[in-house]
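This report concerns only the one structure given below.
No value in this document is a laboratory result; all are computed from the given coordinates. Quick caveat, the model's predicted, so the values are computed rather than measured. Here Cβ is always computed from backbone atoms with ideal geometry, including for glycine, and neighbour counts include all displayed protein chains.
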Amino acid sequence: MKKNRDIQFLFEMGCLRFIPRAWGQMFGPSFSNLAEHHLRVMWLSIIIAKMENKGDMEKILKMALVHDVGESRAGDVHYISRQYTKRDELKAINDIFKDTSLSTEMVKLWQEYDKKLSIEAKIVKDADFLDVDLELQEQLGKGENHLGPWKKMRKLVFPKFYTSSAKKLWKEIRKSNPAEWYLTAPSRFNGGDMSPKKN
C-alpha cells in the first residue's frame, strides 16, 4: 500500500500543539506551544501587511504557516542554547514536506523566509518577533513579574524590525493591557443585564 504523505504531514502538523517553545525552560510551562505561536504569527502578519500596504497576502499567510515548521523535527532553541546548538532546519523542512503535494512550494517559501530578502519574509519575521512581546505582556499581566528583566532585554530586538508598522506595534504592545479586549467587549457588565445603565 502506497503511503499518503499528505496525511502523514497533516498528523505531524497536529503534533505542533504538543511542542513547547524553548523559553518555557526558564519561564515555566504556561507559554504558548508551537501551534499557538504559528496561529498568532499569521494574524500579526496580516495586520502588519495591511498597515504597510505591502506584500502578497496569500504568500504572507503561507510563509507564516511554514516559518517555524522545521522546529517539529529540528527543535526550538532559546537565546542561550543557540550558542551551543547547530540545527539543520533546511533538512528538516525538506524531510517534512518530502513527497507531499506541498513540497516544492513550501520549501521554496521557507527558504525565502529564511533569507529575509522579500517584503513578505520581512513582514513574517517581524510578526515572529512581535509574538514574543505579546506573550511577555500576557505573562506580566498574570503577575509573572520575574519576566521584567526579559522585557528590558527585548529592547535589543527593536532595531531588528524590518517595518515601521512592527516598530509601532511593539511600542503599543509594551504599554498595553492584555485583558482590555475582554473588559471592553459587549458583556453582561458592559451594556448587558448587569450594566449600571440597566439599574
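Okay, here's what the table says:
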read-out: Sequence ranges 31-43, 63-75, 107-119, ranked by mean other-Cβ count within 10 angstrom, highest first; value: 63-75, 31-43, 107-119
read-out: PHE158, PHE18 arranged by Cβ crowding within 10 Å, fewest neighbours leading; value: PHE18, PHE158
read-out: Principal axis box of region 5-176, alpha-carbon based, largest edge first, Å; value: 46, 37, 27
read-out: Region 16-123, relative contact order in percent, only Cα pairs under 8 angstrom and at least six apart counted; value: 26
read-out: Residues of type aspartates and glutamates that LYS54 reaches as a straight line, Cα spacing below 16 Å, ignoring anything fewer than 8 places off in the same chain; value: GLU120, ASP126
read-out: On Cα atoms only, tilt of 34-52 relative to the major axis of the chain in degrees; value: 70
